[in-house]
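Quick note: the coordinates plus some simple rules give every number you see, no bench work behind them. Computed from a prediction, not measured in an experiment: that's the story for all the values here. Backbone-built Cβ (ideal geometry, glycine too); neighbour counts: all protein chains shown.
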Amino acid sequence: MDISDDGANFVLAPRPQGYGPALDKAWAALEEQTDEGLINRKGAYLAADGGLCVKMLGDEFRIDKAGRSVLWSGNEAPAFFAVLVLHYLMDLSSARPTGEWISFRELEGGDFYFPAFAARTIQRMKTTFAGREKKLLDIAAKLGGEPVEFGDTGARFRVLPNVVIALVLHEACEDFPNEANLLFDSACKIILPTEDLAVAASLLVSKVCKCL
């Protein structure tokens, strides 16, 4: 996962004092949970050496509760990745993808945050895939995504084990320019707050666009 242009700067609401308080709160919540519970509810798994791991956008993140660290490729993960992974894991629900789709505007506060969200994700998809919409399916196949029957071309991606986001593209025609959209499985609004879902979507769009 290339982090040169990602969700690090996608902040819908200010994070007081940086990521420290968010990380502290997440670790405290996670310490109350068992590995078995995280495996059953959140799709985490144990590595060969017994370490707890979770996949995000196909990359493995290792959770060290004792050392309060999230490792990615053997190194400390950037704070915004760590916060997203930990917020996902600390959620106590067992919500699974429903197959029902909602727009960003249907998330809590979605209308208010939509302009920032659209600039970061929808506009980038429109610009990057203009005239090359069908390429999305090739990229989805490489990243473990699956086609969906939305728009002219659409694909869904498992950003986190129970967080599924679809990218939808509409080709330009004589009367209308090309368009793009993002849809969220309805379980997402139970699992993560809107700000985290915006970051997850931004990371997905960044990774997909860089594969073109």
Note down the magnitude of the dipole of the chain about its Cα centre, charges +1 on Lys and Arg C-beta and -1 on Asp and Glu C-beta and zero elsewhere, to the nearest 20 debye.
260
Tell me the relative contact order for the chain as a rounded percent, counting alpha carbon contacts under 8 Å between residues six or more apart.
24
Can you pull the one-decimal nm distance between simple spin-label points at Phe112 and Ala79, each 7 Å off the Cα toward Cβ?
2.3
Among Pro147, Pro97, Pro78, residue whose mean-square fluctuation peaks in a GNM of the chain (springs only between Cα atoms under 10 Å)
Pro78
Treat the count of other C-beta atoms within 10 Å as a stand-in for reagent exposure and order Tyr88, Tyr45 from fewest to most.
Tyr45, Tyr88
Value at 222 nm in deg cm²/dmol, rounded to 500, when DSSP H runs of n ≥ 4 in the chain each add -39,500 (n - 2.57):
-11000 deg cm²/dmol
Cα-based shape type of region 101-210, given that a ≥ b ≥ c are square roots of the gyration tensor eigenvalues and the cut on a/c is 1.5
oblate
Top of Gly67, Gly37, Gly110 by mean-square fluctuation, Gaussian network on the chain, Cα under 10 Å
Gly67
Where does each of Lys42, Lys135 land when they are ranked from fewest to most other beta-carbon atoms within 10 angstrom?
Lys135, Lys42
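Most exposed first by the Cβ proxy, i.e. fewest other Cβ within 10 Å, how do Cys173, Cys209, Cys188, Cys53 rank?
Cys173, Cys53, Cys209, Cys188
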Among (i) 17.1, 59; (ii) 24.8, 96; (iii) 21.0, 74, find the value of Rg and Dmax of the Cα atoms in Å that was calculated from the structure presented, and write down its label.
(i)
Mean-square fluctuation check for the chain, GNM, Cα pairs under 10 Å: which of Leu137, Leu46, Leu182 is largest?
Leu46
